[in-house]
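The values are calculated or read from the model by the stated rules, or taken from the named source; none is laboratory data. These figures come from a predicted structure and were not determined experimentally. FYI the Cβ positions are ideal-geometry reconstructions off the backbone, even for glycines, and counts take in every protein chain you see. Accessible surface is based on the protein model in full, side chains and every heavy atom, while ligands, DNA and RNA are left aside. Shrake-Rupley method; radii C 1.70, N 1.55, O 1.52, S 1.80 Å.
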Amino acid sequence: MHLNHNYLSLDGNSLTANDLVNLGRGLYKIKLTGEAERKVVQSRELLDTIVKENKVVYGITTGFGKFARTVITVNKLKELQENLVRSHSAGVGNPLSPERTRMLLALRINVLAKGYSGISLETLHAMIQAFNASCLSFVPEKGTVGASGDLAPLAHLALGLMGEGKMWSPKSGWADAKYVLEAHGLKPISLKPKEGIALINGTQMITSLGAEAVERAQAIARQADIIAALTLEVLKGTTKAFDSDIHSLRPHPGQIEVAQRFRSLLDSDHHPSEIAESHRFCDRVQDAYTMRCCPQVHGITIDTINFVHNIINTEINSATDNPMVFAERGETISGGNFHGEYPAKALDFLAIAVHELASISERRIERLCNPSLSELPAFLVNEGGLNSGFMIAHCTAASLVSENKVLCHPSSVDSLSTSAATEDHVSMGGWAARKALRVIEHVEQILAIELLAACQGIEFLRPLRTTTPLEKVYELVRSVVKPWIKDRFMSPDIEAVHRLLIDQKVWNVAKPYIDKYQTEYIPESRPGSPTAFSLESPASPRNFLKHDVLRVL
């Protein structure tokens, strides 16, 4: 994949999840590399030879699935492929959004560009022209079992390109596919032998939705650390639990990364916090787990996201249809690369891991809202009773956490035999991808509520200031949401902060400080704290003798 003046050159080997999301957003058009074109032509030549010599080859001169032993005459081969696409276009439900359909089409093009599918260069170019014009088929979101790949969604994708069914473009809106193509000066594709099966076999719906899911998961996980650090400040927690020596004794990469992120935002030698200084010598012995254990809980989420990223990026550049065409061997081979278990399992893991960011966030929102835990006004508002403040925003967070608990049940532990027991073990990966996205959206919304609540908490601690990076985060939030003086319509506030998180603006504001901390190698500050027993008296403006041995909870 090479970038060139708003074009991505696809070769089938180097597309990333991030590239795919950007293609979905319409930031780039597509072209093929010369090497990809050569490979596509080479494998098509082998297929044309098979047809010319009347060879019996699955999916090229035979029926499909249970009909694999039914040989089809040469004059019916075009009809065979068209019938395949029409009959498999049996999905139901709402269509994928234009962004997600663009991702699906781009990913299918990338897989075909590998040159192992037997697609003709002419058909592949027609698909690229449709992508570049944003002529997008109606693809219902439901109906794939994710085994012979995402047959129904990919069939709907191909159906529109054949000029049948519905299509959407920015110019035409929804209309009959043949008219949408015509309006853009494009011709419907005419399927040659094997081209129908080349278009609909594969894991591209699971994987394209999975690419969006893992990119959004990474964005919200980073920002969850920043939001939790701000809450810790407002709740007057200690930074002692993020001491690097603790984390080196349990050296999971994610845990170490999160602890370092907390130190970079809260380390008093880098950016002093008046809030932290105000309670340096209070008598609290330990913080609650929702603050103290962030590196351990957020950390495994980060490690899982990295694992899923690897699976998705590999899958994006994998040939996942069947049969595979090996031009250099002069052979086509039937196998099972279309089976969706890899991305299905990975996306079930992703949903479970990312949900934990919401689960722990909701408990921190409770701590912010509960006056017996926060030392702040109840529900973060003055004149409580007359005003309800964040009472129901917390209920919203609780309801979303509860929804996520059900959505986190893995879909890939299920399998129902299909195609008359030919496809007798399936991945159910389409649902894994769709619900992972729903879980992640809920996580974003819950963290938006926590960020709103933490910024509101700061209002009650003024004129004290927190650290420089966290003040910048506070200012960002205040650029879209005013402080909560008395009750008002709250949904727009939540939506505005959710938008900040989706656009990664919270991360972008804090990132320079996080990066600076990591490159400067200033020894970490280890201020005295009642949460640590030390043989040396902590530096203190008053005689501070409270050396309680830590309670083990």
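Listing for the model above:
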read-out: Residue list for segment 336-383, restricted to those being outside any helix (DSSP H, G or I) and either open to solvent by 10 Å² or more (accessible area, probe 1.4 Å) or in contact with a Cys (Cβ under 6 Å, 6 or more places away or on another chain) (or both); value: G336, N337, F338, H339, N370, E375, L376, P377, N382, E383
read-out: Residue within segment 154-162 that is over 19 Å from G93 (Cβ atoms) and touching a helix residue (DSSP H, G or I) at 6+ places or on another chain (Cβ under 7 Å) present; value: yes
read-out: G237, sole failed condition from (1) part of a helix (DSSP H, G or I); (2) crowded, with 24+ Cβ neighbours inside 10 Å; (3) over 26 Å from the mean Cα position of the chain (by Cα); value: (1)
read-out: Residue in segment 55-72 that is within 31 Å of the chain's Cα centre (by Cα), surrounded by 12 or more Cβ atoms within 10 Å (Cβ to Cβ), under 28 Å from G336 (Cβ atoms) and assigned by the TED database to the domain that holds T144 present; value: no
read-out: Top-ranked residue of segment 515-526 - restricted to ones that are assigned to a loop (DSSP other than H, G, I, E, B) and open to solvent by 30 Å² or more (accessible area, probe 1.4 Å), ranked as modelled with the lowest pLDDT; value: Y521
read-out: Pair list, Cβ under 7 Å, 6 or more apart: segment 302-313 residue closer than 15 Å to I220 by Cβ and without any contact (Cβ under 8 Å) to a residue 12 or more places away in the chain, other residue basic (K, R) and open to solvent by less than 40 Å² (accessible area, probe 1.4 Å); value: none
read-out: Among (1) surrounded by fewer than 21 Cβ atoms within 10 Å (Cβ to Cβ); (2) in contact with a helix residue (DSSP H, G or I) (Cβ under 9 Å, 6 or more places away or on another chain); (3) farther than 21 Å from M324 by Cα, the one test that E45 misses; value: (3)
read-out: Filter result (assigned to a helix (DSSP H, G or I), open to solvent by less than 20 Å² (accessible area, probe 1.4 Å) and either in the same structural domain as A319 (by the TED database) or of a type outside the set (K, R) (or both)) within segment 93-111; value: T101, M103, L104, L105, A106, L107, I109, N110, V111
read-out: Complete set of residues in segment 265-294 that are surrounded by 15 or more Cβ atoms within 10 Å (Cβ to Cβ) and in a helix (DSSP H, G or I); value: L265, L266, I275, A276, T290, M291, R292, C294
read-out: From the options A175, A126, A90, A147, residue that is at pLDDT 95 or above, open to solvent by less than 50 Å² (accessible area, probe 1.4 Å) and outside any strand (DSSP E or B); value: A126
read-out: Qualifying residue in segment 307-326 (condition: among the β-branched types (V, I, T), in contact with a helix residue (DSSP H, G or I) (Cβ under 8 Å, 6 or more places away or on another chain) and under 30 Å from K55 (Cβ atoms)); value: yes
read-out: Among residues of segment 456-480, those that are under 18 Å from L368 (Cα atoms), in a loop (DSSP other than H, G, I, E, B) and open to solvent by less than 40 Å² (accessible area, probe 1.4 Å), counted; value: 2
read-out: Pick from segment 415-446, criterion open to solvent by 40 Å² or more (accessible area, probe 1.4 Å) and in a helix (DSSP H, G or I), ranking: farthest from L357 (Cα to Cα); value: W431
read-out: Residue match in segment 296-304 (condition: open to solvent by 10 Å² or more (accessible area, probe 1.4 Å), closer than 30 Å to G63 by Cα and among the polar types (S, T, N, Q)); value: no
read-out: Residue ID - modelled with the highest pLDDT, chosen from residues in segment 235-289 that are touching a helix residue (DSSP H, G or I) at 6+ places or on another chain (Cβ under 9 Å) and acidic (D, E); value: E257
read-out: Out of I449, I485, I502, sole residue that is under 26 Å from N387 (Cα atoms), open to solvent by 10 Å² or more (accessible area, probe 1.4 Å) and aliphatic (A, V, I, L, M); value: I485
read-out: Qualifying positions in segment 319-335 - surrounded by fewer than 18 Cβ atoms within 10 Å (Cβ to Cβ) and not in a helix (DSSP H, G or I); value: F326, G330, E331, I333, S334, G335
read-out: Index of the failed condition, V85 passing every other in (1) among the aliphatic types (A, V, I, L, M); (2) outside any loop (DSSP other than H, G, I, E, B); (3) loosely packed, with under 15 Cβ neighbours inside 10 Å; value: (3)
read-out: Condition check for K39: part of a strand (DSSP E or B) and charged (D, E, K, R); value: no
read-out: Residues within segment 61-109 that are hydrophobic (A, V, I, L, M, F, W, C) and within 26 Å of L32 (Cβ to Cβ), tallied; value: 10
read-out: Selection status of F262, more than 30 Å from S334 (Cβ to Cβ), open to solvent by less than 10 Å² (accessible area, probe 1.4 Å), of a type in the set (A, V, I, L, M, F, W, C) and without any contact (Cβ under 8 Å) to a residue 40 or more places away in the chain; value: yes
read-out: Subset of segment 240-251 (residues that are part of a loop (DSSP other than H, G, I, E, B) and not hydrophobic (A, V, I, L, M, F, W, C)); value: D243, R250, P251
